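*Asks:* Can you keep this structure in mind? I'll have questions shortly.
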Amino acid sequence: MASDPYARPRAEMLTIFSTVFPEIPWQTLKFQIDPPRDPAHGDLTSNVAFVASARLGRAPREAASILNEALNANLLPTSSIAAADVAGPGFLNITLRPEFKQRAEHEAIREILRAGERCGNSAAGGGKRVNVEYVSANPTGPMHVGHCRGAVVGDALANLLAKAGYAVTKEYYINDAGAQVEALAWAVYWRYLQAIGQPIGAEEFSALVPGGLQYRGEYLIPVGRALAEQYGLALGEPEFLVPSADALAVVRAFAVNEMMRSIREDLALLGVVPDVFSSERALLEAGAADAAIARLGKAGLIYEGTLEPPKGRLPEDWEPRTQTLFRATAFGDETDRPLRKSDGSNTYFANDIGYHADKMARGAEILIDVLGADHSGYVRRMQAAVAALSARRAALEVVLCQIVHVVRAGRPVRMSKRAGSYITLRDLIDEVGRDAVRFTMLTRKADAQMEFDLDQAVAQTRENPVFYVQYAHARCRSVLRAATELLGAAVVAEEALAASPLEALGADPELAVIRRLIAFPRTVEAAAQAREPHRIAFFLYDLAGDFHILWNRGREDSSFRFLNPDRPAETRARLALVAATAAVIRAGLAILGVTPVEEMR
RNA sequence: GCGCCCUUAGCUCAGUUGGAUAGAGCAACAGCCUUCUAAGCUGUGGGUCGGUGGUUCGAAUCCACCAGGGCGCGCCA
């Protein structure tokens, strides 16, 4: 676990303030003592004067002076703090004692080297059990680009939370119970008829299908064939036009299996391997939805009633209807929500309530659903349901992913299902590769729309973040390979470098890299807390930039080269920095699910 | 009509949960390779943070209203 290199100066400051101003509850005041954005603002900077100014009864600038004086007057010779200064409107800028600062920096590097890929691991999550549900694409066809962002964001978020000390379950919900899979069964039956030599035209068959024939894509042809191989004519007898209920059930189960097999394959290609697949149908048959609804009923949150028509936009066929409703308004939703359709069967929402209850019953303390933005209208009601089921103890968090527009050379690549030319996930991975897909999907905040530029994702330039970060890592590895040639593997091993003298480090571009490395654990914790995995991608891009700068210093001025046989101590120190950089890049990429590259030629 | 999300440099986007002079990349111009990877680096220019009010010592960040874009809006999932 990462220790905080600045814990000591923080504690010293607190001690001094507590002694001089015992009447102020410093422990409960929310102020920060952190490395500043701008290194010119000291080693650490604090807004303590702003936060405490009211308690001190002084304006911030004055409060800062008072605190600054108290601080400077009480510093011990052994303190980690050398001096403090008032700056700007009332910041306290702290200069650390050089020995302490250097020791802290060196210790941070050593810690990274000792931890390797585990560097940045945090206990912030306290082992809390988090269930992250993502993808959950309907098992009615191959995965396409629209599913991809949620898959990547959810997977990276799950990895991130695990790194930050949560006990994470990655979960996929199979929507195998609704009207959509029924429609799938009909469509597969249609293909089955073709496979057994009883073909029927799409329009003709559609007239026989309740709701019409929906999934007409060619991807179901092999499913129909496989069905024919396994069952022969048995599913079609005796009519060969409309399947019996039993036959349709067989077809449906078979079709869902096939679709899920294909989805699992696609997910695996993307590096997504859920821990748990939950079946809506299985849950339904086990009575999960009924049980959850019964609980809500017991709590007086279910009633038969009629909803108001939507305001301002009355549907043509609207008529008042009595329905089974969940009192979502009691938990912040804007209207109560129906649980049963007019045919008496459950709505999707009703089954989903059962599912979320099941997740909680399995021990999840935090529920996170990663959903597409087209589900935004669904969020409130599900949160209401989770609040109701847990007596407001558990909360459902929802990460919404906005739409991805795929472009090539700045022009939109159309992916309309009707045109049949939509981009499947497999197409995308084939074209740009798994790592580019994953990293690129994480270069935007999830709830901002993004353009996925196919050309940029494979470009070998700085404008392609995947490449830029991979290149930095490859360069690190390149140096370490060269060092191994020169000095032997024993010297270059991470354990050996962790024990190296590091006093030779201290040039500006080196310090920039070090500062960034030290920020990694903080970045992981903040990103996890904000549920924003994209911050890791940006961190890596910045770190890569710092490293490329350092690299180029060696080109301009050979005294900055990492390897200098005449100066063994300096060489080992720099190798330690390079190895630590590589370790942090690997650790960060592991969160994103991207493979580090050893060499690029 | 109502709800949620978004609006930051010419373009694509960050902005460490309210901190100091708002940052990167692309595009434009000018430089750096007998050396560990020039697929890189350095420098220059570019902004009423959609608008107006408010809260605050301090607002791109929080609140209200307005404008523009996206998504959704009783039996679909």
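The values are calculated or read from the model by the stated rules, or taken from the named source; none is laboratory data. For clarity, every value in this text was computed on a predicted model and none was experimentally measured. Counting neighbours? That spans all protein chains shown, and the Cβs are built from the backbone with ideal geometry, glycine included. Remember, those area values only see protein heavy atoms, side chains included, never the ligands or the DNA or RNA. Shrake-Rupley method; radii C 1.70, N 1.55, O 1.52, S 1.80 Å.
*Asks:* In the set A:Leu283, A:Leu233, which member is touching a helix residue (DSSP H, G or I) at 6+ places or on another chain (Cβ under 8 Å) and either touching a residue at least 24 places away in the same chain (Cβ under 8 Å) or part of a helix (DSSP H, G or I) (or both)?
*Replies:* On the way: A:Leu233 fails: touching a helix residue (DSSP H, G or I) at 6+ places or on another chain (Cβ under 8 Å).
Exactly one of A:Leu283, A:Leu233 is touching a helix residue (DSSP H, G or I) at 6+ places or on another chain (Cβ under 8 Å) and either touching a residue at least 24 places away in the same chain (Cβ under 8 Å) or part of a helix (DSSP H, G or I) (or both), namely A:Leu283.
*Asks:* Within the set of pairs 6 or more residues apart or between chains, which connect a residue that is over 19 Å from A:Leu550 (Cα atoms) inside region A:473-493 to a residue that is basic (Lys, Arg) with Cβ atoms less than 8 Å apart?
*Replies:* Going by the 8 Å Cβ cut-off, the qualifying pairs are A:Val491/A:Arg572.
*Asks:* Pick out the one residue from A:Ser136, A:Ser65, A:Ser122 that is under 22 Å from A:Thr15 (Cβ atoms) and open to solvent by less than 60 Å² (accessible area, probe 1.4 Å). Don't jump to the end; show me each part of the working.
*Replies:* Numbers: A:Ser136 fails: under 22 Å from A:Thr15 (Cβ atoms); A:Ser122 fails: under 22 Å from A:Thr15 (Cβ atoms).
It is A:Ser65.
*Asks:* On the basis of being touching a Lys or Arg at 6+ places or on another chain (Cβ under 7 Å), surrounded by fewer than 23 Cβ atoms within 10 Å (Cβ to Cβ) and not aliphatic (A, V, I, L, M), does A:Glu107 make the cut? Step through it out loud before you land on a result.
*Replies:* Details: touching a Lys or Arg at 6+ places or on another chain (Cβ under 7 Å): no; surrounded by fewer than 23 Cβ atoms within 10 Å (Cβ to Cβ): yes; not aliphatic (A, V, I, L, M): yes.
Criteria not met by A:Glu107.
*Asks:* Somewhere in region A:287-302, is a residue more than 26 Å from A:Ala385 (Cβ to Cβ) and within 16 Å of RNA strand B (Cβ to nearest atom)?
*Replies:* Let us first name the residues in region A:287-302 that are more than 26 Å from A:Ala385 (Cβ to Cβ), namely none.
Taking every residue of region A:287-302 in turn, none turns out to be more than 26 Å from A:Ala385 (Cβ to Cβ) and within 16 Å of RNA strand B (Cβ to nearest atom).
*Asks:* Does region A:93-100 contain any residue that is under 24 Å from A:Met13 (Cα atoms), in a helix (DSSP H, G or I) and polar (S, T, N, Q)?
*Replies:* Here is the first cut: in region A:93-100, the residues under 24 Å from A:Met13 (Cα atoms) are A:93-100.
If we keep only those that are in a helix (DSSP H, G or I) as well, we get A:98-100.
Of the ones still in play, those that are also polar (S, T, N, Q) are none.
No, region A:93-100 contains no residue that is under 24 Å from A:Met13 (Cα atoms), in a helix (DSSP H, G or I) and polar (S, T, N, Q).
Let's see how each residue does on (1) assigned to a loop (DSSP other than H, G, I, E, B); (2) at negative phi; (3) open to solvent by 10 Å² or more (accessible area, probe 1.4 Å); (4) outside the structural domain of A:Val584 (by TED's automatic domain parsing):
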| site | (1), (2), (3), (4) |
| --- | --- |
| A:Asp455 | no, yes, yes, yes |
| A:Leu486 | no, yes, yes, no |
| A:Ile518 | no, yes, yes, no |
| A:Pro521 | no, yes, yes, no |
| A:Ala526 | no, yes, yes, no |
| A:Leu563 | yes, yes, yes, no |
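*Asks:* Would region A:326-338 turn up any residue that is open to solvent by 50 Å² or more (accessible area, probe 1.4 Å), over 29 Å from A:Arg129 (Cα atoms) and assigned to a loop (DSSP other than H, G, I, E, B)?
*Replies:* yes
*Asks:* With respect to the numbered conditions (1) away from RNA strand B (no atom under 12 Å from the Cβ); (2) touching a Ser or Thr at 6+ places or on another chain (Cβ under 6 Å), which one is the sole condition not fulfilled by A:Leu425?
*Replies:* Every condition holds for A:Leu425 apart from (2).
*Asks:* Another question about this same structure. Residues in region A:547-554: is at least one away from RNA strand B (no atom under 13 Å from the Cβ), open to solvent by 20 Å² or more (accessible area, probe 1.4 Å) and within 33 Å of the chain's Cα centre (by Cα)? Even if it seems obvious, please write down each step before you answer.
*Replies:* Residues of region A:547-554 that are away from RNA strand B (no atom under 13 Å from the Cβ), as a first pass: none.
No, there is no match, as no residue in region A:547-554 is away from RNA strand B (no atom under 13 Å from the Cβ), open to solvent by 20 Å² or more (accessible area, probe 1.4 Å) and within 33 Å of the chain's Cα centre (by Cα).
*Asks:* Please verify whether A:Arg58 is of a type in the set (Lys, Arg) and either near RNA strand B (Cβ under 10 Å from one of its atoms) or outside any loop (DSSP other than H, G, I, E, B) (or both), treating the condition exactly as stated. Don't jump to the end; show me each part of the working.
*Replies:* Numbers: of a type in the set (Lys, Arg): yes; either near RNA strand B (Cβ under 10 Å from one of its atoms) or outside any loop (DSSP other than H, G, I, E, B) (or both): no.
It is false that A:Arg58 is of a type in the set (Lys, Arg) and either near RNA strand B (Cβ under 10 Å from one of its atoms) or outside any loop (DSSP other than H, G, I, E, B) (or both).
*Asks:* Right, next: Could you look through region A:339-352, keep only residues that are of a type in the set (Gly, Ala, Ser) and more than 8 Å from RNA strand B (Cβ to nearest atom), and pick out the one that is most open to solvent (accessible area, probe 1.4 Å)? Before the answer, list the steps.
*Replies:* Here is the first cut: in region A:339-352, the residues of a type in the set (Gly, Ala, Ser) are A:342, A:344-345, A:350.
Checking the rest, the ones that are also more than 8 Å from RNA strand B (Cβ to nearest atom) come to A:344, A:350.
Details: A:Gly344: 45, A:Ala350: 0 Å².
Out of the qualifying residues, it is A:Gly344.
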